[in-house]
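Chemist: This structure is in structure tokens; I'll ask about it shortly.
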Amino acid sequence: MRSIRDALRTSECVLVAVGILLLALGIAELVRADIYQVVERRQFAGSIAPEDSAAPTSRPTVGSAIGIIEIPRISLSSIVVEGDGPRQLELAAGHVPGTAFPGEPGNSAISGHRDTVFRALRLIRKNDVIAVATHRGKFTYRVTSTQIVQPGAIQVLFPTKSEVLTLVTCYPFYFVGPAPQRFIVRAERVADHPEK
């Protein structure tokens, strides 16, 4: 009987220790992402092109900062890096390779995790303003729609004739584990100085 109690106490201690370790790792990842955001934002701020600049830029390498996305009404602000792989999305929002860059004709897609940089997307509404600053300049978009799709619905990334911004994150927002669907925000380019 005593050996069972001792085994249960040992198991309890091990589980508490594992829980604390996992919590510490989670907090460390969040702190790492916050530090990355602060450092990259400072470095990136000095390299934003003047408005209406048409200066050509070379294609960025995967993992390099290409911009800052902001949605003021929902207090969303994040560095955007090139690429949408696990390493890129651990630290920032990611530009989906193969889609247009913000400010270019076509569909520019940016993805982010629903529990980190794109958490606030659950509050997005039609007509919200999205600002994207890049090395090429500052670009403004207005939300036209949101939808929930299956992960294989890649048509949301297809090229468009007009300048469109597509934001992609997992859905539902409060789902535990890998979420089964995707939340899509579609926005169209507008004048770069919208009325407040």
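The values are calculated or read from the model by the stated rules, or taken from the named source; none is laboratory data. Remember, predicted model here, so these are calculated numbers, not experimental data. Cβ: placed from backbone, ideal geometry, glycine included. Neighbour counts: every protein chain shown.
Chemist: Here is a list of conditions, (1) assigned to a loop (DSSP other than H, G, I, E, B); (2) over 19 Å from E188 (Cβ atoms), and Q88 meets all of them except one; can you say which number that is?
Modeler: Going through the list (1) assigned to a loop (DSSP other than H, G, I, E, B); (2) over 19 Å from E188 (Cβ atoms), Q88 breaks only (1).
Chemist: Follow-up. Among the residues of segment 148-161, is there at least one that is part of a loop (DSSP other than H, G, I, E, B), among the charged types (D, E, K, R) and more than 18 Å from the chain's Cα centre (by Cα)?
Modeler: Looking for residues that are part of a loop (DSSP other than H, G, I, E, B), among the charged types (D, E, K, R) and more than 18 Å from the chain's Cα centre (by Cα), one finds at least one in segment 148-161, hence yes.
Chemist: Can you say whether K126 is part of a loop (DSSP other than H, G, I, E, B), over 17 Å from E70 (Cβ atoms) and modelled with pLDDT of 95 or more, as far as the supplied structure shows?
Modeler: yes
Chemist: Kindly evaluate A153 against the criterion of being farther than 20 Å from L76 by Cβ and touching a strand residue (DSSP E or B) at 6+ places or on another chain (Cβ under 8 Å).
Modeler: yes
Chemist: Select from segment 94-115 the residues that are touching a Gly at 6+ places or on another chain (Cβ under 8 Å), in a loop (DSSP other than H, G, I, E, B) and in contact (Cβ under 8 Å) with a residue 40 or more places away in the chain and write down the one among them that is farthest from E163 (Cα to Cα).
Modeler: Residue satisfying both the conditions and the ranking: G112.
Chemist: Could you list, in sequence order, all residues of segment 116-144 that are in contact (Cβ under 8 Å) with a residue 40 or more places away in the chain and on the phi > 0 side of the Ramachandran plot?
Modeler: Correct list: G137 only.
Chemist: Going through segment 74-91 one residue at a time, which ones are crowded, with 22+ Cβ neighbours inside 10 Å and out of contact with any Asp or Glu (no Cβ under 7 Å at 6 or more places or on another chain)?
Modeler: Within segment 74-91, S78, V80, V81, L91 qualify.
Chemist: Out of segment 125-149, which residues are among the small types (G, A, S) and loosely packed, with under 13 Cβ neighbours inside 10 Å?
Modeler: The one that is among the small types (G, A, S) and loosely packed, with under 13 Cβ neighbours inside 10 Å: S145.
Chemist: Might you let me know whether segment 49-60 holds any residue that is in contact with a strand residue (DSSP E or B) (Cβ under 7 Å, 6 or more places away or on another chain), surrounded by 13 or more Cβ atoms within 10 Å (Cβ to Cβ) and at pLDDT 70 or above?
Modeler: Taking every residue of segment 49-60 in turn, at least one turns out to be in contact with a strand residue (DSSP E or B) (Cβ under 7 Å, 6 or more places away or on another chain), surrounded by 13 or more Cβ atoms within 10 Å (Cβ to Cβ) and at pLDDT 70 or above.
A quick yes/no check of all residues on (1) over 18 Å from L89 (Cα atoms); (2) touching a Cys at 6+ places or on another chain (Cβ under 9 Å); (3) of a type in the set (G, A, S):
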residue	(1), (2), (3)
I130	yes, no, no
A133	yes, no, yes
S145	yes, no, yes
Q150	yes, no, no
Q155	yes, no, no
A179	no, yes, yes
